[in-house]
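Q: So that we are looking at the same thing, I have put the structure below in structure tokens.
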Amino acid sequence: MSQTQIPVAVLNQLKSAVSAGDVIEQAEQVEPFVHDFRHLFSGRTPMVVLPDNTAEVANVVRICAEHRIGIVPHGGNTSYCGGATPDASGSQIVLALKRMHRIRKVQPLDYAITVESGCALADVQAAADAVERLFPLSLGSEGSCQIGGNLSTNAGGTAVLRYGMMRDLVLGLEVVLADGRVLDVLKDLRKDNTGYDLRHLFIGSEGTLGIITAACLKLFPKPAGTATAIVAVRDPAAAVQLLASLRTSSGDAVTTFELIPRLAVDLTTRHISGVSDPLDRPHEWYVLVELTSARPEDALESALEGALAQAIDSGLVLDAALASSLRQREALWRMRESVPEAQRHAGGSIKHDVSLPISAIAEFITRAGGWVASHVPDGQLMAYGHLGDGNLHFNIQQRDGADVKVFLARAPTIQRAIHDLVAELRGSFSAEHGIGQLKIAELERYKDPVALALMRELKRALDPLGILNPGKVLRKESRTS
Ligand code: 2HG
Ligand code: ZN
């Protein structure tokens with residue numbers, strides 16, 4: 001197979017479509033763009049194109065449409081599902097949006113901010129903070145993930161319970177369509193009922209229907225008080241009870257409610273510097289709880305303390321500690337956020353990013369956990385994450401000394417069993433990490449057939465040549481490159 005399937009003349013055209021001819025062609029420099037960060041997928045591309053503005057993105061798309069070249073949009077490369085990795089044909093270009101990192105407008109009175117899609121999430125948070133506002137999307141990878149990726153995967157994270165997912169934080173979008181037209185619905189309006197709400201087609205569609213180039217995002221008042229606690233709970237059912245009562249007693253101030261199992265404490269204390277066991281004695285299950293509100297810190301802390309004391313009396317909570325300084329709060333967050341990194345140090349992990357009705361979480365953990373205990377002797381359950389959203393990272397960690405290849409080879413069978421149980425309990429096999437290349441077969445198995453047919457029809461309508469992120473979310477059809 002030749003090095004490139006794209007004629008040199010077309011590559012030259014693409015090069016002249018972007019200012020300063022900003023493209024990457026040298027194999028060594030292309031390398032980071034053709035692997036996902038978990039190294040599950042590898043591909044090839046003759047060229048990474050780096051546009052500077054929306055007009056340049058449109059130019060690139062027009063050229064690709066003319067020559068039927070697949071375009072793989074690329075942000076911070078933090079996809080868990082291979083959503084930003086080209087295929088192995090060498091016939092797709094990568095379109096990296098990192099040069100488009102301008103904050104176009106900060107609008108404190110509108111509680112809004114307009115940014116380009118190559119902005120790192122942390123930079124958007126900082127720009128909001130500088131005007132005493134909060135942009136609440138918060139993820140472990142916020143230093144490197146980009147707004148375009150957050151939008152195209154409808155990212156979640158650790159404050160969804162209070163503020164919603166990325167979709168809920170969007171007022172307007174600018175999108176380059178598959179024929180190079182620019183869709184300008186970049187409004188900063190809270191109310192706009194003028195026909196179909198097209199924004200939501202592009203959010204969560206992983207670059208398969210259009211390339212998002214800018215967004216107007218919602219901001220919120222910066223909370224005056226924060227109270228954080230690590231809480232040892234009797235079991236996941238107790239955690240669910242605690243969540244319900246805390247939401248009511250705190251006046252719905254619960255921003256974060258993250259389930260953390262003992263194994264996560266063991267692995268983070270072992271592999272991550274600065275993390276220590278948070279309570280005097282070890283426990284099986286913990287939650288990291290954070291309350292935020294306009295109320296001052298001490299009022300919030302005493303509300304949390306009171307609620308936890310009651311929960312101890314009723315047997316839901318076994319022990320708890322409130323963070324009494326910023327340093328302690330940061331240490332608790334460090335433990336939670338470094339669970340994926342600690343898992344990487346500890347060997348192979350079979351991952352499931354599932355969501356369930358919150359009321360079904362405890363049953364799911366009991367049944368799926370029981371299945372893992374009896375069917376996966378070389379793995380240990382690491383079920384953790386966003387309990388407040390009904391979203392578990394139901395991961396299975398390779399045991400010390402197990403053969404990683406043998407362990408990971410069973411992933412498809414194990415995932416099938418877990419996802420079948422999720423479906424039985426009316427949950428979702430993909431809560432916040434998207435579909436990418438990894439979960440296409442799952443989508444075909446579990447998605448309502450009418451919904452799937454409609455998705456294919458939308459893809460054909462918006463991208464008739466099949467050039468936008470081909471082979472992601474939906475299987476490539478024969479017309480695609
Ligand atoms: C998190 O919540 C991320 O930490 C990563 O979504 C989850 O590694 C995982 O399974
Ligand atoms: Zn997560």
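Q: Spin-label point model (7 Å from Cα, Cβ direction): what's the Ser302 to Tyr196 distance in nm?
A: The answer from the label model is 5.5 nm.
Q: Now, a different point. For region 49-67 and region 441-481, compute the distance between their C-alpha centroids and round to whole Å.
A: 22 Å
Q: In whole Å, what is the distance between the alpha-carbon centres of region 367-387 and region 298-337?
A: Result: 27 Å between the Cα centres.
Q: Could I ask something else about it? For region 233-295, go through all pairs of different Cα atoms, get the mean of 1/r, take its inverse, and jot down that Kirkwood value in Å.
A: Numbers: mean 1/r = 0.0772 Å⁻¹.
One decimal place: 13.0 Å for the Kirkwood radius.
Q: While we're on this one: Need the list of aspartates and glutamates near Lys405 for cross-linking: C-alpha distance under 15 angstrom, and skip anything on the same chain fewer than eight residues off.
A: Asp378
Q: Among His74, His393, what is the fewest-to-most ranking by other Cβ atoms within 10 Å? Write out the running numbers ahead of the final one.
A: Details: His74 30, His393 23.
Sorted ascending by nearby Cβ count, the order is His393, His74.
Q: Rank by packing, highest mean first: peptides 445-453, 37-45, with packing defined as the count of other Cβ atoms within 10 Å averaged across residues.
A: On the way: 445-453: 11.9, 37-45: 17.1.
Result, highest mean Cβ count within 10 Å first: 37-45, 445-453.
Q: On to the next question. Which residues does a label at Ala294 reach in region 206-224, if reach means a backbone N under 20 Å from a point 7 Å past the Cα toward the Cβ?
A: Backbone N within reach: 218-224.
Q: Starting with the fewest neighbours, write out Thr153, Thr228 ranked by other beta-carbon atoms found within 10 Å of each beta-carbon.
A: Details: Thr153 29, Thr228 24.
Ordered by Cβ neighbours within 10 Å, fewest first: Thr228, Thr153.
Q: So what's the back-of-envelope 222 nm ellipticity for the chain, counting only DSSP H runs of four-plus at -39500 (n - 2.57) apiece and dividing by all residues, rounded to 500?
A: Values: 17 runs with 167 residues, N = 481.
Estimated from H runs of four or more residues: -10000 deg cm²/dmol.
Q: Starting from the 7 Å offset along Cα-to-Cβ, what nm value, one decimal, do you get for the label separation of Arg475 and Leu458?
A: 2.1 nm
Q: Say the cut-off is 29 Å between C-alpha atoms; which of Lys15/Lys218; Lys98/Lys187; Lys105/Lys476; Lys351/Lys447; Lys98/Lys218; Lys187/Lys222 go over it?
A: Details: Lys15/Lys218 35 Å; Lys98/Lys187 23 Å; Lys105/Lys476 38 Å; Lys351/Lys447 19 Å; Lys98/Lys218 22 Å; Lys187/Lys222 23 Å.
In this structure, Lys15/Lys218; Lys105/Lys476 exceed 29 Å between Cα atoms.
Q: Taking 0.36 nm per intervening residue step and subtracting the Cα-Cα distance, what contour gain separates Asp22 from Ala55 on full extension? Before the final figure, lay out the partial values.
A: Numbers: separation 33, 0.36 × 33 = 11.88 nm, distance 1.44 nm.
That works out to 10.4 nm of additional length.
Q: For Lys191, give me every one of the aspartates and glutamates with a C-alpha distance below 15 angstrom, ignoring sequence neighbours fewer than eight places off in its own chain.
A: By straight Cα distance, Lys191 reaches Asp110, Asp168.
Q: Arrange the peptides 356-365, 181-190 so that the one whose residues have, on average, the most other Cβ atoms within 10 Å appears first.
A: Details: 356-365: 18.6, 181-190: 15.2.
For the peptides 356-365, 181-190, the packing ranking is 356-365, 181-190.
Q: Working out 0.36 nm times the residue gap between Ser42 and His101, then minus their Cα-Cα distance, what length gain in nm do you get to one decimal? Walk me through the intermediate numbers first.
A: Numbers: separation 59, 0.36 × 59 = 21.24 nm, distance 2.63 nm.
Answer, rounded to one decimal: 18.6 nm.
Every read-out reported here was derived from the displayed coordinates using simple, explicitly stated rules and does not represent laboratory data. No experiment lies behind these values; they were computed from the predicted model shown. Neighbour counts run over all protein chains shown; Cβ positions are idealised from the backbone, glycine included.
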